[in-house]
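> Have a look at this one.
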Amino acid sequence: MAALAPTLTGRIVAVHQGALGDCLLALPILEALHRSWPRIHFDLWSKPEHVALLASKPFMGSTPPPDDSTLARFFHEDLWRTAPLPPFLEQSRMVLIFGQTGSRVLAERLASRLSCPVPWLQSFPGPGACQHVSQFLLEQCRRFGWHLEECLPRLEPAPQDLAAASAWLEQHHATGRNRPIVIHPGSGGLRKVWPLSNWWRALQWLREAFPNPILLSLGPADERLRDFVRAAEALGVAALEGLPLPLLAAVLSQGRLFVGSDSGVSHLAAAVGTPTLVIFGPTDPGVWAPRGPHVHVVRAGWEESEVLAWPPAPSDTASVTLVIKQVKKILAAS
């Protein structure tokens, strides 16, 4: 693979169909490539809501991403050899594919059909890894001869999203010195959710200890938390549900503190610069933690069978105490 040339112009198609957290952990690679190739623009083929988060980035191109069927034939054992090549790929300087082993086949087959390079980056390491995803991606790039700067994931919500977030927060008296504390107890994987009995104890303490409004963010994978959310609303907690990701990012950016399980929303809170506390259990923060000087981590242990214990069951007092201690420390510094 050729070294980076600052004068390179044109378009690179970047393919990343992973989850929100994985996509945000890959964002520094695009940032670093843009710094090395400032005249290159990226057409990002990703989930539409992830593309919308990056709309204000100076390196983003204007070509709409294809639907999933565009490259489907390239996964077929025979059809890929004669499948029509999408024009947006033929006109690119490079096709950069992020993914796991299944997408490596796509990269190899496209490379044999296209005249441009098609590098493949494994989007995260396998089980038992002890290296952070960001370093894992950087090392792969350096093997291509790309000596990239190390960047942090950083998002700036668009002005229209900030205006909409401010209007919503004003309705909930959560602006100025009364900025909200946002919690996101859920996660795409149930085993990564700090048990609800612990969240309940932490919520009760937050309501008693601080005057700030508390917002509870609920994602598409969090239907199992519905009873917990209703109980939290009875405590005076406002639920954030169904917001488009750019608007959720804008709300998070106005928070005084974010507390969450290991989830994509925790990565989003960190990326917009909100002081962020993430509670890790079965996953390793040394591999998966959001990155940034304002990110704090608590490690705890629990069994998946404990996660949905509700109504409130006996909580893990030690981990609740540790979370409370960290919250006090972060809020004292803010």
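The values are calculated or read from the model by the stated rules, or taken from the named source; none is laboratory data. Because the structure is a prediction, the values reported are computed rather than measured. FYI the Cβ positions are ideal-geometry reconstructions off the backbone, even for glycines, and counts take in every protein chain you see.
> Let me confirm something: among F258, F210, F228, which residue is in contact with a helix residue (DSSP H, G or I) (Cβ under 6 Å, 6 or more places away or on another chain), closer than 14 Å to I181 by Cβ and aromatic (F, W, Y)?
Numbers: F210 fails: in contact with a helix residue (DSSP H, G or I) (Cβ under 6 Å, 6 or more places away or on another chain); F228 fails: closer than 14 Å to I181 by Cβ.
Only one candidate qualifies: F258.
> Still on this structure: Just checking, which of L44, L20, L85 is of a type outside the set (V, I, T) and at pLDDT 95 or above?
Numbers: L44 fails: at pLDDT 95 or above; L85 fails: at pLDDT 95 or above.
Exactly one of L44, L20, L85 is of a type outside the set (V, I, T) and at pLDDT 95 or above, namely L20.
> May I ask you to list the residues in segment 174-205 that are of a type in the set (A, V, I, L, M) and surrounded by fewer than 20 Cβ atoms within 10 Å (Cβ to Cβ)? Reasoning before the result, please.
First pass over segment 174-205, keeping only residues of a type in the set (A, V, I, L, M): 174, 181-183, 190, 193, 196, 202-203.
The answer is L190, and nothing else.
> In addition: Determine whether segment 255-271 contains at least one residue that is at negative phi, out of contact with any Cys (no Cβ under 6 Å at 6 or more places or on another chain), surrounded by fewer than 20 Cβ atoms within 10 Å (Cβ to Cβ) and not aromatic (F, W, Y). If you could, list the steps in order and put the result at the bottom.
Of the residues in segment 255-271, the ones at negative phi are 255-271.
Within this subset, residues satisfying the condition of being out of contact with any Cys (no Cβ under 6 Å at 6 or more places or on another chain) are 255-271.
This time we only want the ones that are surrounded by fewer than 20 Cβ atoms within 10 Å (Cβ to Cβ), so: 256.
Checking the rest, the ones that are also not aromatic (F, W, Y) come to 256.
Checking segment 255-271: at least one residue is at negative phi, out of contact with any Cys (no Cβ under 6 Å at 6 or more places or on another chain), surrounded by fewer than 20 Cβ atoms within 10 Å (Cβ to Cβ) and not aromatic (F, W, Y).
> Separate question: Quick one: which helices (runs of 4 or more DSSP H) lie wholly within segment 1-113 and hold at least 1 residues that are closer than 30 Å to A289 by Cβ and within 19 Å of the chain's Cα centre (by Cα)? First the steps, then the outcome.
Numbers: elements: 20-36, 48-53, 87-90, 101-113.
Output list reads 20-36, 48-53.
> I've got another one for you. Please specify each residue of segment 293-316 satisfying the condition of being over 21 Å from D222 (Cβ atoms) and modelled with pLDDT of 90 or more.
Applying the first criterion (over 21 Å from D222 (Cβ atoms)) to segment 293-316 yields 293-297, 299, 301, 314.
Within segment 293-316, P293, H294, V295, H296, V297, R299, G301 meet the criteria.
> May I ask you to list pairs of residues, at least six apart or on different chains, whose Cβ atoms are under 9 Å apart, with the first in segment 231-249 being farther than 17 Å from S263 by Cα and the second being charged (D, E, K, R)?
Between residues of segment 231-249 that are farther than 17 Å from S263 by Cα and residues that are charged (D, E, K, R), the close pairs are L235/R207; G236/R207; V237/R207; A239/R230; A239/E233; L247/D161.
> State whether the residues of segment 321-332 include one that is in contact with a Gly (Cβ under 8 Å, 6 or more places away or on another chain), buried (at least 16 other Cβ atoms within 10 Å of the Cβ) and not acidic (D, E). If you could, list the steps in order and put the result at the bottom.
Of the residues in segment 321-332, the ones in contact with a Gly (Cβ under 8 Å, 6 or more places away or on another chain) are none.
No, segment 321-332 contains no residue that is in contact with a Gly (Cβ under 8 Å, 6 or more places away or on another chain), buried (at least 16 other Cβ atoms within 10 Å of the Cβ) and not acidic (D, E).
> Another one. Restricting attention to segment 33-60, and to residues there that are among the basic types (K, R) and farther than 21 Å from L248 by Cα, which single residue is surrounded by the fewest Cβ atoms within 10 Å (Cβ to Cβ)?
Step by step, filter segment 33-60, then rank; the result is R39.
> Can you name every residue in segment 238-254 that is surrounded by fewer than 24 Cβ atoms within 10 Å (Cβ to Cβ), touching a Leu at 6+ places or on another chain (Cβ under 9 Å) and under 20 Å from Q171 (Cβ atoms)? Give the steps one after another, and end with the answer.
Applying the first criterion (surrounded by fewer than 24 Cβ atoms within 10 Å (Cβ to Cβ)) to segment 238-254 yields 238-247, 253-254.
Next, only the ones that are touching a Leu at 6+ places or on another chain (Cβ under 9 Å) stay: 238-242, 245-246, 253-254.
Scanning segment 238-254 gives A238, A239, L240, E241, G242, P246, S253, Q254.
> While we're on this one: Does F144 satisfy being over 30 Å from V251 (Cα atoms), modelled with pLDDT under 90 and among the aromatic types (F, W, Y)?
Details: over 30 Å from V251 (Cα atoms): yes; modelled with pLDDT under 90: no; among the aromatic types (F, W, Y): yes.
For F144, the condition - over 30 Å from V251 (Cα atoms), modelled with pLDDT under 90 and among the aromatic types (F, W, Y) - is not met.
> Which pairs turn up if I take residues in segment 318-334 that are under 20 Å from G255 (Cβ atoms) and look for partners that are in a helix (DSSP H, G or I) and of a type in the set (G, A, S) with beta carbon separation below 6 Å, at least 6 apart in sequence or on another chain?
What qualifies is V323/A202.
> Looking at L277, is it in contact with a helix residue (DSSP H, G or I) (Cβ under 6 Å, 6 or more places away or on another chain) and either touching a residue at least 40 places away in the same chain (Cβ under 8 Å) or of a type outside the set (S, T, N, Q) (or both)? Step through it out loud before you land on a result.
Working: in contact with a helix residue (DSSP H, G or I) (Cβ under 6 Å, 6 or more places away or on another chain): yes; either touching a residue at least 40 places away in the same chain (Cβ under 8 Å) or of a type outside the set (S, T, N, Q) (or both): yes.
Taking the combined requirement at face value, the residue satisfies it.
> Then there's this: Where in segment 218-324 are there strands (runs of 3 or more DSSP E), lying wholly inside it, with at least 3 residues that are within 30 Å of L137 (Cα to Cα)? Walk me through it before giving the result.
Working: elements: 238-241, 257-261, 276-280, 295-299.
Correct list: 257-261, 276-280, 295-299.
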